[in-house]
Structures are given as C-alpha cells and as structure tokens.
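Take a look at the structure below.
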Amino acid sequence: MVDKLGPIPEKFLNLNKSFKDQYNKMMKDKSPEARKSFDEQFPSASPEARDLLEKMLKYLPEEWITVLQAMQHPYLKDLWEENAGDGLEEPHG
C-alpha cells in the first residue's frame, strides 16, 4: 500500500503505537520516495478510473469520499444512470 499511496501520515500512525513501531521498522531501510501519480502507476486506466481511485484510496477517514460520492462519480455514471431511482440520492434529514 505504501508503494501505491506513499508514506503513511504521522496522524494515522499516532492512532496505534504498535502499528507505528512496526511501520517504522519496515520503513527503516527504505528511502522515502515521492509517490508516483496514479497516471504513472495505472497508465492504461481511464482518467475517470484513476480519479476515483485517487479519491477512494486515502489513509485518513476524514479524507475518504462517501459511498454515495463514489457511486455518483463519473466513472460509474453508466451504472447509476441505469439504476436511477434505486436509492442513489442524498439522504434527507
């Protein structure tokens, strides 16, 4: 995962000391490389697919898109247009 998303943010690591210790041991011998863009990592995927991956694959929950946002993403447009009226609306309340 680190190879695809880059280094794990300190805020995430601080949630679990045991995990942080294991991660630091694992990364000790690795050079901190900048993450390649999803365009570089997945050149044969469509721009919409790469954009959806970029929005979904985040370490921190507050950065995640919602399921509704994912389902309404342009990459899945054909899917939700075919199923219009099947509950893909924003909840009220």
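A few comments on the model shown:
- Hz values of 3J(HN,Hα) by residue in segment 14-27 - Karplus curve (6.51, -1.76, 1.60), Gly and Pro given as x: 6, 6, 8, 4, 4, 5, 4, 4, 5, 4, 4, 5, 4, 8
- Anchor Lys36: lysines whose Cα lies under 17 Å away (excluding residues fewer than 8 positions away in-chain): Lys4, Lys55, Lys58
- Separation in nanometres of the label points that stand 7 Å from Cα toward Cβ, at Gln72 and Lys36: 3.4 nm
- Residue-span extension gain [Leu57 to Asn24] - 0.36 nm each, minus C-alpha spacing: 9.8 nm
- Whether segment 1-78 is rounded, prolate or oblate, judged on the alpha carbon gyration tensor where a/c under 1.5 counts as rounded: oblate
- Inter-probe distance in nm under a simple model that places probes 7 Å from Cα toward Cβ, at Ala49 and Asn14: 3.8 nm
We did not get these values from a lab; they are worked out from the coordinates using the rules stated. Remember, predicted model here, so these are calculated numbers, not experimental data. Here the Cβ is made from the backbone with ideal geometry for all residues, glycine too, and neighbour counts use every protein chain on show.
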